[in-house]
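Engineer: Encoded as structure tokens, here's the structure I'll be asking about.
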Amino acid sequence: MITGKNYIGNQLSANGNKTFKTFNPLLNIENQWEITEASTNEVDEAAALATQAFKTYSKLSGAKKATFLRAIADEIEALGDELLQVYSSESGLPNGRAIGERGRTLGQLRAFANHIEEGNWVDASIDTAQPERKPMPKVDLRKMNVALGPVVVFGASNFPFAFSTAGGDTAAALAAGCPVIIKSHPMHAATGEMVSGAVIRAAEKTGMPNGVFSNLNSSGIEVGQQLVEHPNVKAVGFTGSIRGGRALYDLAAKREEPIPVFAEMGSINPVVILPQALRNRADAIAKTYSGSITLGTGQFCTNPGLILGVKSEGLSKFVQTLAEEIVKVEPSCMLHPNIAGAYEFNKANAISQNGLEVLANYEAEVKPNHARQVVTTVEGDTFLNNPTLHHEVFGPFSLVVQCKDEAQLEEIIFNLEGQLTGTIISDDNEIESSSNIVSALQNRVGRIIFNGVPTGVEVCPSMLHGGPYPASTDSRFTAVGVDSIKRFVRPFSFQDWPNQLLPDELKNENPLGILRNVNGKLSNETI
Ligand code: NAP
């Protein structure tokens with residue numbers, strides 16, 4: 001049953017006096033559930049419980065935490081079809097997508113469980129003492145990653161499961177040993193409550209301390225601001241818009257004790273189509289990209305919002321076919337009237353820019369909250385001189401930039417903001433003679449794709465989902481895959497510490513059998 005209450009640790013709580021409702025964009029009506037916003041007291045209570053829980057939770061073994069993560073996955077799965085229905089009624093996303101995203105979410109939780117059970121992730125490093133060293137004896141030093149403290153997680157509207165309540169950030173923080181406080185996304189608060197219930201049941205069944213997880217509702221920015229400013233909070237995971245992520249980053253930097261904000265934000269994901277590929281298969285590439293631009297109503301952070309090519313017959317053919325193909329796609333529903341409204345506004349703003357030509361615009365009537373896709377084109381010079389054209393239009397929108405030559409193409413890439421992905425479409429070996437383009441692109445993105453589409457983010461250890469600012473606030477880390485755990489830890493050294501008091505990861509006997517750097521050599525032997 002959905003109560004609309006917050007979870008303050010294991011307790012449902014609704015002390016606030018403001019309520020709101022979520023929205024079904026397909027039916028164009030409010031959902032029935034009345035959601036109560038968290039009060040300032042509830043924010044404080046959740047933060048105090050998290051700090052208390054941190055004392056014991058951060059000391060648990062990888063095996064114990066893994067049991068908790070697997071139990072969360074099992075409890076979410078046990079919610080069955082009801083959870084999928086609530087997800088769809090709060091997002092307009094179809095059942096197939098709900099099933100797929102739930103699968104990804106369960107997979108992430110279980111992957112983190114395996115990762116911490118195996119244990120190598122702590123990056124243990126041991127330099128044993130050399131008492132006879134001259135002129136000074138060398139001390140014994142042992143280093144490993146330890147949890148940062150309570151983490152606040154902000155979910156994104158476009159991934160109600162995988163980048164939300166029990167999504168990647170939550171799984172990473174819990175795996176690291178950090179209690180999590182969720183600032184629930186107001187568009188899918190009921191989905192968030194159901195998933196939170198699953199997390200709490202898993203915590204109780206596996207004996208986790210009360211406060212290891214809380215879920216706070218709000219329809220505005222105040223609760224999120226209070227959480228980021230709260231002295232008990234030690235890090236923030238955010239997925240969403242550049243505006244939101246930057247505001248929270250600045251807020252965290254202004255605290256008396258600044259804390260890291262790992263914000264994964266919007267991106268336009270440039271796609272470079274090399275001349276020979278345009279000459280040989282402009283039609284096929286256009287058809288593929290028509291699908292990628294409109295996938296999920298364009299509501300992906302990896303949506304291809306910018307396509308770059310050098311003027312040629314091939315590029316003209318590509319542009320023509322893309323225009324013909326994109327209007328054949330049936331417009332689909334956006335997540336919420338506000339997102340549909342923002343799409344129309346940002347699209348109109350882009351289209352109103354000097355020199356921008358609309359290639360194709362779906363013009364027929366559409367149902368409420370459905371997005372009309374559009375592709376546009378502009379000359380390289382115009383693009384270079386107008387920063388507005390460099391910004392994300394969140395939805396099924398793409399801009400084809402027609403560069404006068406390869407030098408301009410390189411200059412445009414050089415001047416782009418940081419991006420999550422960059423794609424090169426190339427025929428045969430032509431990429432080998434475009435190393436300057438590849439280097440320029442590599443310098444601006446977190447992941448580079450060869451002959452594919454940027455949409456679709458594989459969850460695996462080698463994935464890098466992040467990139468230079470503003471794709472993320474810290475390009476050294478990924479938000480997807482088990483390596484994202486590194487955002488929520490800090491390295492910590494023990495000097496001359498008694499062996500029996502060291503954590504198992506650093507003991508001479510190596511009881512966990514993990515791989516450690518011992519005096520400069522990787523080894524899982526005892527010392
Ligand atoms: P959003 O509007 O930024 O909202 C994300 C969360 O941040 C919400 O809970 C929101 O709360 C809160 N928030 C926003 N501004 C805030 C502020 N100034 N102070 C405090 N809290 C604030 O983003 P969204 O609409 O959910 O998601 C769409 C965006 O996310 C797109 O730009 C997309 O590209 C990006 N995205 C990025 C990734 C990635 O991995 N890089 C993945 C998915 C989506 P309220 O709603 O209550 O204001």
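Engineer: At 7 Å along the Cα-to-beta-carbon direction for both Thr388 and Asn41, put a label point, then send me their distance in nm to one decimal.
Structural biologist: Each label point is offset 7 Å from its Cα along the Cβ direction, giving 4.9 nm.
Engineer: Assuming R0 = 25 Å, what is the FRET efficiency of Asn451 and Lys404, from their Cβ-Cβ distance, to the nearest 0.05?
Structural biologist: 0.50
Engineer: Still on this structure: Grab the Cα-Cα distance for Asp496 and Asn280, subtract it from 0.36 nm times how many residues apart they are, and report the gain in nm with one decimal.
Structural biologist: 71.1 nm
Engineer: Using a probe radius of 1.4 Å on heavy atoms only, what accessible surface per residue do you get for the chain? Whole Å² is fine.
Structural biologist: Averaged over the residues of the chain, the accessible area is 41 Å².
Engineer: Next question. Length gain on complete extension for the stretch Asn17 to Asn508, per 0.36 nm per residue less the alpha carbon to alpha carbon distance?
Structural biologist: So the chain would gain 171.2 nm between Asn17 and Asn508.
Engineer: On a 20 Å Cα-Cα criterion, which of the cross-link pairs Lys59/Lys234; Lys234/Lys507; Lys64/Lys205; Lys5/Lys59; Lys234/Lys254 come out too long?
Structural biologist: Pairs exceeding 20 Å: Lys234/Lys507; Lys5/Lys59.
Engineer: Among residues other than Ile268 whose Cβ falls under 10 Å from its Cβ, what is the net charge (Lys/Arg +1, Asp/Glu -1)?
Structural biologist: Spelling it out: positives minus negatives among the neighbours equals -2.
Engineer: Here's another thing I want to ask about it. Taking the Cα-to-Cβ direction at Met1 and at Glu430 and moving 7 Å from each Cα, how far apart do the two end points lie in nm?
Structural biologist: Result: 6.4 nm between the two label points.
Engineer: May I ask you to give the percent of accessible area on the range 274-431 that is carbon plus sulfur, with a probe radius of 1.4 Å?
Structural biologist: 49
Engineer: Moving on to the next point. Going by a ≥ b ≥ c, the root eigenvalues of the Cα gyration tensor, does the chain fall in the rounded group (a/c under 1.5), the prolate group (a/b larger than b/c) or the oblate group?
Structural biologist: It is oblate, given that a/c is not under 1.5 and a/b is not larger than b/c.
Engineer: Can you list the HN-Hα couplings for the range 256-272, worked out from phi with the Karplus curve (6.51, -1.76, 1.60; θ = phi - 60°), rounded to whole Hz and with x for Gly and Pro?
Structural biologist: Running phi through 6.51 cos²θ - 1.76 cosθ + 1.60 with θ = phi - 60° gives 4, 10, x, 10, x, 10, 9, 9, 9, 10, x, 6, 10, 6, x, 10, 9 Hz.
Engineer: Could you tell me how many degrees, from 0 to 90 and to the nearest 10, lie between the Cα long axis of helix 40-57 and the main elongation axis, the longest principal axis, of the Cα atoms of the chain?
Structural biologist: With rounding to tens, the tilt is 60 degrees.
Engineer: Same structure, new question: Tell me, what is the percent relative contact order of the range 171-231, built from C-alpha pairs under 8 Å that lie six or more residues apart?
Structural biologist: RCO, the range 171-231: 43 percent.
Engineer: Suppose we keep just the DSSP beta bridges with both residues in the chain; what percent of those would be antiparallel, to 5?
Structural biologist: 40
Engineer: Applying 1/(1 + (r/R0)^6) with R0 = 56 Å to the Cβ-Cβ distance of Lys311 and Glu132, what FRET efficiency is obtained, to the nearest 0.05?
Structural biologist: Rounded to the nearest 0.05, the efficiency is 0.20.
Engineer: Right, next: Classify the range 335-488: rounded, prolate or oblate, from the alpha-carbon gyration tensor (a ≥ b ≥ c, eigenvalue square roots; a/c under 1.5 rounded; otherwise prolate if a/b is larger than b/c)?
Structural biologist: Note, shape of the range 335-488 comes out oblate.
Engineer: How tilted is helix 95-118 with respect to the longest principal axis of the chain? Cα atoms for both, answer in degrees (0 to 90, nearest 10).
Structural biologist: Once rounded, the angle reads 30 degrees.
Engineer: Run the numbers for Ile99 and Glu204: contour at 0.36 nm per residue of separation, minus the present Cα-Cα distance, in nm.
Structural biologist: 35.2 nm
Engineer: Cα axis of helix 80-91 to longest principal axis of the chain: angle in degrees, 0 to 90, nearest 10?
Structural biologist: Helix 80-91 and the main axis of the chain meet at about 50 degrees.
The values are calculated or read from the model by the stated rules, or taken from the named source; none is laboratory data. Just so it is clear, the structure is predicted and the values come from calculations on it, not from any experiment. Ideal geometry is used to build each Cβ from the backbone, glycine not excepted, and the neighbour counts take in all protein chains shown. Only protein heavy atoms, including side chains, enter the accessible area calculation; ligands, DNA and RNA are left aside. Shrake-Rupley method; radii C 1.70, N 1.55, O 1.52, S 1.80 Å.
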